[in-house]
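What follows is a single structure, written as structure tokens, with notes after it.
Read-outs: derived from the displayed coordinates by stated rules, not from any lab. Note that this is a predicted model, so its numbers are computed, not measured. In this analysis, Cβ positions are derived from the backbone assuming ideal geometry, glycine residues included, and neighbour counts consider all displayed protein chains.
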Amino acid sequence: MTAALSIRAARKAFGGLVAVNDVSFEVKQGELLGLIGPNGSGKTTMLNLISGALPPTAGEILLDGKRISGLPAHAIARQGVSRTFQLVRVLPSLDAEENVMSGAVFGRVRLWGEDARRIARVLLDRVGLGDRAHMPVAAMTYIDQKRVELARALAADPRVLLLDEWLAGLNPSELQIGISLIDELHREGRTIVMVEHVMDAIRSLCDRCVVMSSGRMIAEGGVSETLSDPEVVRAYLGDDDA
Amino acid sequence: MMGLTPQETKSLGLGALLIALAALLPLFDDGFYLSISVNIVLYAALCTSWALFSGPTHYVSLATAAFYGLGTYSVGLGIELLPYPLLLLIAAAIGAVMAGLVGAATLRISGVYFVIFTFGLAELVRQLVTWTQTKFSTAMGLYVFTEMTESHIYWMLLALTGAVFLTSFLIARSRLGFAMTVIGNDETVARHVGIDTARSKIILFMISGAFIAIAGAITAPRYIYIEPPSAFNPMISFLVVIMALLGGTKRLWGPLVGVIPFTIVMDFISSNFPNHTMIVVGLAFLAIVYLIPHGVTGLLENAQARWTKRSAPAAVAEEKPA
Ligand SMILES: Nc1ncnc2c1ncn2[C@@H]1O[C@H](COP(=O)(O)OP(=O)(O)O)[C@@H](O)[C@H]1O
Ligand SMILES: [Mg+2]
């Protein structure tokens, strides 16, 4: 079976700074992959390369065996890649329902009118905002905005879902809800790449993880062995130049 | 997105009623008032067409004169050969194609370049037309003889303005309208939910350019003799921007609030102080940009928002038992 997502020697240079340095890994169909590493190690940049927010300097990225690197972000979104952003991005002048509808209307599924609205309702319920469908998102708390963002990403029924520190900033009880929500998505068979700092979440959720440090991939594999890898421990303790 | 809300039905009905009332004007006067009303509806059509694109995208286009002039010339060149309604369609097509080309070349770059490019474009088209005319014909301009009276032109421009409004309304309810709203909120999100942002903007610019060209085509018989300096007059581009910004572009009808007073003032100035029109236009431009960047409708909305905010806490306070 072809991998849902293949990253082949992806590279991104910002001038002299190589933020992603020839990174290669695969994400299998239905897998939940954790992408971890210290701050500034290139995780967000990696997601930006996958979603098409930035074009890679070199290397290629394939979705279900089809090359998506080099395509503009909107084309990649229509192929079935949806994401959330590290710093939450909502559509402030719209209400929650319209925010979520935007994902259903323009993404892979391309619904319109009542069909899009129905999906938005279901997903808002799912992320726990069923009673706030018509609340302007600008008036929502940061956490609720994150929920709206997740629902928007799901509205396109993506083949690959990219989450950039979606659990960051949640209080302990919200974290439990968040973790079980992602777990549920995973059980339903959704393919997910999750950038995360919350180690409990990585341990309890991920099938595998990829560790980055200073743009390089320094480890890959099952969660517990990867996290106990000496090089990974060193990177996290700041022994490395990160 | 589906049926009409009562509010929408009311707005549509009101719009139709206003246009019907305005259409009665030539029955009462066919002199000064009709003439100034033609100017008003012309600029109403131009400004709403302009705002159709520039309102949601915030790109300031100075290409209005180019589209307008191309429309005028379509009629000037074709009036002896083809039926007039067909010429209007041809003008629309030329306007749309021109806008499509300009859009494809410039809408991926930032707003400042767009302003300069569109201004340059209008001048370039004017020079090209002038050059072609001197090269291939002896005359500087074109005669447009038609049976069209000032009243006919007035009615057609009024119908065109109605069509622009209806189109804006339909766009607002379409995928394209929703895409523009999302783009206006956050262009990065727009791209990541699957919106081809450049394509959406280009389509909108083409629709706007087509309508402006039709306005030029409708007005052509009014000139009788068409020359590049009048058909491609850059003043048209500037006046459209000024009037639309004066009114405000956030609402569909916003530009109208600027068009009516400004056309009257300009008419007064150009007949009484013909040498000072440029100064007035320049000053008006500065004043609007500095003092009321969101236009009169923006001012009204802010005032209304402040008023509701001030009265809301008062209402809450009243409810509390003493
Ligand atoms: N658009 C950009 N332009 C220049 N440098 C960037 C850009 N985006 C990220 N970087 C740099 O790339 C490195 C990796 O950043 P990032 O991918 O955000 O790391 P992480 O998400 O792992 O914290 C950092 O040094 C950051 O400053
Ligand atoms: Mg990051």
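Between A:TYR142 and B:ALA305, the simple label model (points 7 Å from Cα in the Cβ direction) yields a spacing of 2.4 nm. Normalising the Debye intensity of the range B:119-236 to I(0), with uniform scatterers on Cα atoms only, and taking log10 at q = 0.19 Å⁻¹ returns -1.05.
For the protein assembly as shown, what is the convex hull volume of its Cα atoms per residue in Å³? Please report the intermediate quantities before stating the final value.
Working: hull volume 122.8 nm³, N = 564.
Enclosed volume per residue, from the Cα hull, is 218 Å³.
What per residue convex hull volume, in Å³, do the alpha-carbon atoms of chain A yield?
Details: hull volume 29.6 nm³, N = 242.
Taking the convex hull of the Cα positions in chain A, it is 122 Å³ per residue.
Fully extending the segment from B:LEU27 to B:LYS10 would add 3.4 nm, taking 0.36 nm per residue of separation and subtracting the current Cα-Cα distance.
Tell me the net charge near A:GLU220. Cut-off is 15 Å between Cβ atoms, A:GLU220 excluded, with +1 for each Lys or Arg and -1 for each Asp or Glu. Don't skip to the end; give the middle numbers.
Values: positive: A:ARG8, A:LYS28, A:LYS43, A:ARG208, A:ARG216; negative: A:ASP22, A:GLU26, A:GLU31, A:ASP207, A:GLU225, A:ASP229, A:GLU231.
Result for the local shell: -2.
Given a Förster radius of 35 Å and the C-beta distance between B:ARG108 and A:LEU237 as r, what FRET efficiency does 1/(1 + (r/R0)^6) yield to the nearest 0.05? Rounded to the nearest 0.05, the efficiency is 0.20.
With q set to 0.17, 0.21, 0.29 Å⁻¹, the log10 of I(q)/I(0) for the range A:33-94, from the Debye formula over equal scatterers at the Cα positions, is -0.65, -0.93, -1.32. Computed over the range B:16-258, the convex hull of the alpha-carbon atoms projects to a mean area of 13.1 nm².
Taken about its Cα centre, the protein assembly as shown carries a charge dipole of roughly 480 debye when the Cβ of each Lys and Arg holds +1 and the Cβ of each Asp and Glu holds -1.
If neighbour count is taken as other Cβ atoms inside 10 Å, put A:GLU97, A:GLU149 in order from fewest to most.
On the way: A:GLU97 21, A:GLU149 26.
So the residues, fewest neighbours to most, are A:GLU97, A:GLU149.
Averaged over the residues of peptide A:113-121, the number of Cβ atoms from other protein chains lying within 10 Å of each residue's Cβ is 1.
Remark: mean inter-chain Cβ contacts per residue of A:71-82 equal 4, using a 10 Å Cβ-Cβ cutoff to other protein chain atoms.
What is the packing order of peptides B:57-70, B:226-239, taking the mean over residues of other C-beta atoms within 10 Å and listing the highest first?
Working: B:57-70: 25.7, B:226-239: 20.4.
Final packing ranking: B:57-70, B:226-239.
Multiplying the residue separation of A:GLU184 and A:SER228 by 0.36 nm and subtracting their alpha-carbon distance yields 13.1 nm. Rounded to the nearest 0.05, the FRET efficiency derived from the C-beta distance between A:ASP157 and A:PHE14 at R0 = 35 Å is 0.60.
All C-alpha to C-alpha distances of the range B:1-79, sorted into 10 Å bins beginning at zero, yield P(r) values of 14, 28, 36, 20, 2 percent in whole numbers. With a Förster radius of 51 Å applied to the beta-carbon distance between B:ILE36 and B:VAL97, the computed FRET efficiency rounds to 0.95.
Anything over 23 Å Cα to Cα? Flag those among A:LYS146/B:LYS250; A:LYS28/A:LYS146; A:LYS66/B:LYS201; B:LYS10/B:LYS250; A:LYS146/B:LYS201; B:LYS10/B:LYS201, in the order listed.
On the way: A:LYS146/B:LYS250 28 Å; A:LYS28/A:LYS146 26 Å; A:LYS66/B:LYS201 29 Å; B:LYS10/B:LYS250 19 Å; A:LYS146/B:LYS201 28 Å; B:LYS10/B:LYS201 29 Å.
Pairs exceeding the cut-off: A:LYS146/B:LYS250; A:LYS28/A:LYS146; A:LYS66/B:LYS201; A:LYS146/B:LYS201; B:LYS10/B:LYS201.
Normalising the average separation of contacting C-alpha pairs (under 8 angstrom, six or more residues apart) by the number of residues puts the relative contact order of the range A:165-225 at 28 percent. Using 0.36 nm per residue and subtracting the Cα-Cα separation, the extra length available between B:MET148 and B:GLU80 on full extension is 23.1 nm. With neighbours defined as other Cβ atoms within 10 Å of a residue's Cβ, the residues A:VAL122, A:VAL198 order from fewest to most as A:VAL122, A:VAL198. Plainly put, the range B:21-140 has a radius of gyration that is 1.03 times its Kirkwood radius, both from alpha-carbon atoms, as the Rg/Rh ratio. Computed over the range A:72-129, the quotient of the alpha carbon radius of gyration and 2.2 N^0.38 Å is 1.12.
Sequence gap at least 6, Cα distance under 8 Å: using those rules, report the relative contact order of chain B to the nearest whole percent.
Details: 431 pairs, mean separation 96.4, N = 322.
Across chain B, relative contact order equals 30 percent.
For A:ASP64, B:ASP29, the sequence from fewest to most other C-beta atoms within 10 Å is B:ASP29, A:ASP64.
Shielding of peptide A:28-37 by partners, expressed as the average count of other chain Cβ atoms within 10 Å per residue Cβ, is 0. Spin-label model, A:ARG126/B:ALA172: points 7 Å from Cα along the beta carbon direction are separated by 3.2 nm.
Among beta bridges identified by DSSP and lying wholly in the protein assembly as shown, the antiparallel ones come to about 60 percent. Each semi-axis of the equivalent ellipsoid for the range A:174-242 is √(5λ) with λ an eigenvalue of the Cα gyration tensor; in descending order they amount to 25, 12, 10 Å. Does a label point 7 Å from the Cα of B:LEU286, set along Cα-to-beta-carbon, have any residues of the range B:216-252 with amide nitrogen under 19 Å, and which are they? Correct set: B:238-239, B:241-243, B:245-246.
Modelled this way, with points 7 Å down the Cα-to-C-beta line, the labels at B:LYS250 and A:THR57 are 4.4 nm from one another.
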